[in-house]
Amino acid sequence: MPQQVSPYSVLDGQYDLHETIGSGGFAKVKLATHLLTGDKVAIKIMDKRQLGEDLPRIYLEIEAMKQLSHQHICKLYQVVETDTKIFMVLEYCPGGELFDYIVERDRLEEEEARVFFRQIASAVAYVHNMGYAHRDLKPENLLLDDEQHLKLIDFGLCANPMGGLDQHLATCCGSPAYAAPELVSGKQYLGSEADIWSMGVLLYALLCGFLPFDDENLGALYRKIQAGVYENPEWLTAGSKDLLAAMLQVDPKRRITISQLLMHPWLTGGSSSANVDPSSKYKDPETHGVDEDVITEVAVHQGKSRVAVRQAVLRWSYDYLTATYFLLLAQKMKGNPLRLLPKA
Ligand SMILES: COc1cc(O)cc(Nc2ccc(C(=O)Nc3ccc4c(c3)C[NH2+]CC4)cc2)c1
């Protein structure tokens, strides 16, 4: 009887796998421990046979994730592919979904909504400036890390115009309640403009605890979105109503752009302006070079020269070394000591 190997044996020696924390259509997400650092990660596991014609979207998502390094975007650390499976090793976001955070509180106070929305706007501005659009922005795709920072996940529908993803895909896969009027009308649309609409629905959900456009009947929901008429509850301030109106513009050409959004007084105002994340904090390694302390820690642990380790890291192969590099860098950014555990 041949030795029965686990379907995850390709990860042996690199990760210990723990419980499953999420399973969607063609993917499941398991918690895991990166053995060299002892750090927790999330591993998204997909079966290539079940993916069928959706497989190209996964490769698009992976290529997009490799370009995106931002403090409010869930980081991709490593990709492992076998003949039947794809594993994406991802940043650990133990705080769960923003969706549940809102539901537990009914709705957020304006100040707290502002702090979260600034993080979302910062992530989306970065994605758009990198030439991408997310195209599925909703509270379920925003997770909280262990420091209550938001992390944007699931770029499975993202596209950059050069990416060649034909636009109609999103209409069948995005989430209708957050979908822009031009998208539900099946018109040609710009992903970046549709993202701003979705952010308007998101901000409304944060501030109100319910959706601006809602109906169990899909056709009725589409008509409400295309009409763009929604209630402004009495607790909304003038500033938030003004920003919502600028984002929930039915005509995409009249809709506020992400750069105008970042300068809107509702976003820049308030008492918490002190803790606006300095977006420069996150250094994109491919343009800022690699961190020498991390290189040294890996070189000493592996008994290799720093030159050899630096060259290997700079290949950005998204193998175990890339994951180890990013996890050690994250530890350093948190002010923790850099440590690699002795070989398991
Ligand atoms: C780019 O980031 C992505 C891309 C993608 O396609 C999917 C994901 N999905 C994730 C889903 C969940 C987690 C995660 O870390 N969830 C998590 C971790 C720990 C705990 C929980 C959830 C909830 N119970 C407490 C402990 C991370 C990525 C990301």
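The values are calculated or read from the model by the stated rules, or taken from the named source; none is laboratory data. None of the values given here were measured: they were computed from a predicted structure. Counting neighbours? That spans all protein chains shown, and the Cβs are built from the backbone with ideal geometry, glycine included.
Remarks
- Of the residues making up the range 69-94, those that are assigned to a strand (DSSP E or B), acidic (D, E) and surrounded by 16 or more Cβ atoms within 10 Å (Cβ to Cβ) number 0.
- Of everything in the range 229-257 that is among the charged types (D, E, K, R) and outside any helix (DSSP H, G or I), the residue that is nearest to the chain's Cα centre (by Cα) is R255.
- Any hit, the range 92-102, residues being in contact with a Lys or Arg (Cβ under 8 Å, 6 or more places away or on another chain), modelled with pLDDT of 95 or more and under 18 Å from P56 (Cα atoms): no
- Criterion applied to K40, K66 was being of a type outside the set (V, I, T), in contact (Cβ under 8 Å) with a residue 40 or more places away in the chain and part of a helix (DSSP H, G or I), and the one residue passing it is K66.
- Residue among L55, L17 that alone is among the hydrophobic types (A, V, I, L, M, F, W, C) and either in contact (Cβ under 8 Å) with a residue 60 or more places away in the chain or over 20 Å from D319 (Cα atoms) (or both): L55
- Residue in the range 111-129 that is at pLDDT 95 or above and part of a loop (DSSP other than H, G, I, E, B) present: no
- Consider the range 104-136 and keep the residues that are within 13 Å of C158 (Cβ to Cβ) and touching a strand residue (DSSP E or B) at 6+ places or on another chain (Cβ under 8 Å). The one that is surrounded by the fewest Cβ atoms within 10 Å (Cβ to Cβ) is Y126.
- Selection status of E97, more than 17 Å from G22 (Cα to Cα), surrounded by fewer than 19 Cβ atoms within 10 Å (Cβ to Cβ) and either within 15 Å of the ligand (Cβ to nearest atom) or not β-branched (V, I, T) (or both): no
- If the condition is being over 29 Å from the mean Cα position of the chain (by Cα), of a type outside the set (A, V, I, L, M) and part of a helix (DSSP H, G or I), then the range 298-317 contributes H301, Q302, R306.
- Residue in the range 318-344 that is surrounded by the fewest Cβ atoms within 10 Å (Cβ to Cβ), counting only those that are part of a loop (DSSP other than H, G, I, E, B) and aliphatic (A, V, I, L, M): A344
- Failed condition for D195, given (1) assigned to a loop (DSSP other than H, G, I, E, B); (2) touching a strand residue (DSSP E or B) at 6+ places or on another chain (Cβ under 7 Å): (1)
- Taking each residue of the range 81-109 that is at positive phi and looking for partners that are near the ligand (Cβ under 8 Å from one of its atoms) with beta-carbon atoms closer than 7 Å, six or more apart or interchain, yields G96/L143.
- Within the range 30-59, being more than 11 Å from the ligand (Cβ to nearest atom), touching a helix residue (DSSP H, G or I) at 6+ places or on another chain (Cβ under 9 Å) and among the aliphatic types (A, V, I, L, M) holds for L36, L51, L55.
- Being under 24 Å from the mean Cα position of the chain (by Cα), in a helix (DSSP H, G or I), modelled with pLDDT of 95 or more and surrounded by fewer than 18 Cβ atoms within 10 Å (Cβ to Cβ) holds for only one residue in Q226, Q260, and it is Q260.
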